[in-house]
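Comments concern the structure below.
The values are calculated or read from the model by the stated rules, or taken from the named source; none is laboratory data. Computed from a predicted structure; not experimentally measured. Because the Cβ atoms are built from the backbone with ideal geometry, glycine has one as well, and the counts that use them run over all protein chains shown. Protein only, heavy atoms only, side chains kept; ligands, DNA and RNA dropped before computing areas. Shrake-Rupley method; radii C 1.70, N 1.55, O 1.52, S 1.80 Å.
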Amino acid sequence: MARKTGRQFFANPGPTNIPDSILRAMDRPTIDFMDGEFAELFNTAVGGLKRVLRTTGDVFIYTASGHGSWEATLVNLFSPGDLVLVVETGWFSEGWAAMAAKFGLRTKTVAAPDWRRGVEYAAITAALKETPEAKGVLCVHNETATGMMLDLPSVRAAIDSAGSDALLLVDTISSLGSLEFRFDDWGIDAAVGGSQKGLMLPTGCSFTAVSAKAMKVHASSTMARHYFDWSEMTKRSFRAFMGTIPTGMFYGLAESVRLIELEGLDGVITRHHRLAEGVRRAVRTWSGNVGGPELFCLSPDRLSDSVTAIKFPEGFNSDAVRKTALEKFNVSTGGGLGKLGGQVMRIGHLGDLNEPMILGTLGAVEMSLKINGVPHGRGGVDAAMEYLAEAA
Ligand SMILES: *Cc1c(COP(=O)(O)O)cnc(C)c1O
């Protein structure tokens, strides 16, 4: 294989770039997780994670990718046969719903008329009124497959206005550390998060933040569980983990939180918005009036600040363009998931990124559109520069 020179520009919506200081922080010999040294590290790292989640409640942690946290959260909060409502956003809401069904939960989807727009919040209220026995509402904060985010306070309000006391479960895997998220203030009952997206860590840890209300429900839920059992975890050291603890991950997490707090959570959120807007300016220019690639998400107030999904014109394969970007320019982008395969390219702009990295990615994509003969308006990178210069 030909040598690839320079650094790869990694523009996937997860996993994401790992800052050098996190890599350095994790380059540590094994220590005994029962030692006092580790206890201090654990408390620092998890204390920081709670500040990022904006919660003072419990957080349970697993040696598993985000799917593990999906599973943990379901098995700890429900009993077989319980009904849960799933707010359809796209590939990830489908995946979580399919998992719930395999565990013997009854699922009812609040169907989106279309993945490009998602559901109206009023439809959640209506669905809960039809099925007042629903025990939970599952919702993906930022749908990584379509580049659409939901307004969680609106979801909370939709549940409250139905008079339902269903738990609100939120997947924050591609929003935490990138988009605004307030666990306590927004009345979330369980938040699922993972290490390898906004937290800029390697893949391998995920976690659930849990409200006091959800902990009460947990106490009487009867789903079979062991490795993921929060009650078991509560009996062990740190009250948050089962089995051998991946100590290296916690050096990384402590450094991740340090970086986030150095920039400031608000600074992190505005940077993500700025970079996302730069990407959107480029895509809108490519759309032009020539039927070029366009923003997949059609709701202006739901455009994701952590990932942009770009819909390709009929007859052009997004994977061919991705392949060109990777092979010729060493730029890695995300593809379309599920039924969007070949139709969508996803540019991840979450985690450790700056303007030149975004412009480099956009430049490679624009060149790849040209090479593949995909019709597009010229000057997408210029439009991004124009905006980013102004917003700097
Ligand atoms: C990445 C992602 C997942 C899956 O997480 P894994 O770590 O790959 O298991 C789930 N939900 C969302 C919204 C994601 O972006």
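Overview of results
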{"quantity": "Cβ-defined net charge surrounding ASN12, 15 Å radius [Lys, Arg +1; Asp, Glu -1]", "calculated": "+3"}
{"quantity": "Difference of contour (0.36 nm per residue) and Cα-Cα distance, GLN8 to VAL290", "calculated": "98.4 nm"}
{"quantity": "Alpha-carbon gyration tensor eigenvalues x 5, square-rooted, for the chain, Å", "calculated": "35, 27, 17"}
{"quantity": "Neighbourhood net charge (14 Å Cβ-Cβ; Lys/Arg +1, Asp/Glu -1) for LEU83", "calculated": "0"}
{"quantity": "Contact order normalised by residue count of the chain, Cα under 8 Å, 6+ apart, percent", "calculated": "23 percent"}
{"quantity": "For the chain, built as a Gaussian network whose Cα springs stay under 10 Å, the top-fluctuating residue of GLY118, GLY57, GLY177", "calculated": "GLY57"}
{"quantity": "Stretch in the chain that is longest and holds no GluC sites (Glu not before Pro) that DSSP places in a loop and that have at most 12 other beta carbons within 10 Å", "calculated": "134-313"}
{"quantity": "Residue with peak Gaussian network fluctuation, the chain [Cα springs, cutoff 10 Å], from ASP82, ASP58, ASP20", "calculated": "ASP20"}
{"quantity": "Cut-off 18 Å, label 7 Å out along Cα→Cβ of ALA392, residues of region 347-362 by amide N", "calculated": "353-362"}
{"quantity": "GNM result for the chain, Cα springs below 10 Å: residue of MET249, MET26, MET34 fluctuating most strongly", "calculated": "MET34"}
{"quantity": "Extension gain, LYS213 back to ASP32 (0.36 nm per residue minus Cα-Cα distance, nm)", "calculated": "61.7 nm"}
{"quantity": "Apportionment of accessible area to carbon and sulfur, the chain, percent (1.4 Å)", "calculated": "53 percent"}
{"quantity": "Inter-site label distance for ARG239 and ALA320 at 7 Å from Cα along Cβ, in nm", "calculated": "5.9 nm"}
{"quantity": "For the chain, accessible area per residue (1.4 Å probe, heavy atoms of protein chains only), Å²", "calculated": "40 Å²"}
{"quantity": "Prolate/oblate/rounded call for region 3-88, Cα gyration tensor, a/c under 1.5 rounded", "calculated": "oblate"}
{"quantity": "Percentage relative contact order, region 265-391, counting C-alpha pairs under 8 Å, at least six apart", "calculated": "35 percent"}
